[in-house]
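Only one structure is covered here, and it is reproduced in the block below.
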Amino acid sequence: MPNVLRNRAAVAALVLVSVAVAGCTGETPGTPTPTPGTSPSSASSVAPEDPNVPKVANPLDASAFVGDVCKLLPDAAAADLGFTAPGEPKDESSNPGCSWGIRGKADSLLIILGSGNREKGMGGLAGLHKAKEAGQLRFLEPGPDVDGYPTVYYGIQDRRAGGNCDLAVGVADDLTVNTLAGGYDNEQDSCGTAQKLASAVIKTLKGA
């Protein structure tokens, strides 16, 4: 995997690990572990309480994709975004993911399914807001709705001006799908691509 994509994956993993750790108790932070699934909301899930966190009116079930996040972006949809090589499965701590790259170019895509955060009670956009309040995220900003689903831009820092866009879309009150686009020339290209990636994922989830 190109160094740029590897570094971006590491940053994304660090952010999501921070969110998961925020849900652990005791003096020693818990270690996130892979989760078996992303079943619809349960008693252990945390629904948004902050009025600034939008509710998800039509939640989507992503449980069929926990074992293969790459299937969230069909080959034809990846090609429309300029990526023809197969996605590479990744384990971003307890949150499964998939990355795409272009040989000889810095452009990269990364999808992370926040199933581990959900299981730890720190899922959804509400979990990201809690991480921001706890100081584990320095940057969190509302993004545009994508196909009717709320989003936020997030990260350890705001990297959009450098052509790297980290977008989280709330597909349920306690579950996000994070779509990251990096290696682009500017904010418009990277965030435009991240939004298109999110739209493709939502279409896949609606058709599942």
- Residues (among the acidic types (Asp, Glu), open to solvent by 10 Å² or more (accessible area, probe 1.4 Å) and in contact with a Pro (Cβ under 9 Å, 6 or more places away or on another chain)) located in segment 139-176: Asp145, Asp173
- May I ask you to say which residue of Lys90, Lys105, Lys206 is touching a helix residue (DSSP H, G or I) at 6+ places or on another chain (Cβ under 7 Å), within 28 Å of Asp75 (Cα to Cα) and of a type in the set (Lys, Arg)? Lys90
- Task: Exactly one condition in (1) touching a helix residue (DSSP H, G or I) at 6+ places or on another chain (Cβ under 8 Å); (2) crowded, with 21+ Cβ neighbours inside 10 Å is not met by Asn186; state its number.
- Result: (2)
- (1) among the acidic types (Asp, Glu); (2) under 29 Å from Ser63 (Cβ atoms); (3) outside any strand (DSSP E or B): which one isn't true of Asp185, the others all being true? (2)
- Query: Has segment 129-138 got at least one residue that is open to solvent by less than 10 Å² (accessible area, probe 1.4 Å), under 16 Å from Asp50 (Cβ atoms), small (Gly, Ala, Ser) and not in a loop (DSSP other than H, G, I, E, B)?
  - Reply: yes
- Residues of segment 108-133 satisfying the condition of being out of contact with any helix residue (DSSP H, G or I) (no Cβ under 8 Å at 6 or more places or on another chain) and under 27 Å from Tyr184 (Cβ atoms): Leu125, His129, Lys132
- Item | Residue selected from segment 42-65 under the condition modelled with pLDDT under 95 and crowded, with 18+ Cβ neighbours inside 10 Å, by the criterion nearest to Ser115 (Cα to Cα) | Ser45
- Applying the selection to segment 87-107, what residues are without any contact (Cβ under 8 Å) to a residue 40 or more places away in the chain, open to solvent by 30 Å² or more (accessible area, probe 1.4 Å) and within 19 Å of Lys196 (Cβ to Cβ)? Ile102
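The values are calculated or read from the model by the stated rules, or taken from the named source; none is laboratory data. These figures come from a predicted structure and were not determined experimentally. Every residue, glycine among them, receives a Cβ derived from its backbone with ideal geometry; neighbour counts consider all protein chains shown. Side chains included, ligands, DNA and RNA excluded: accessible areas come from the protein's heavy atoms. Shrake-Rupley method; radii C 1.70, N 1.55, O 1.52, S 1.80 Å.
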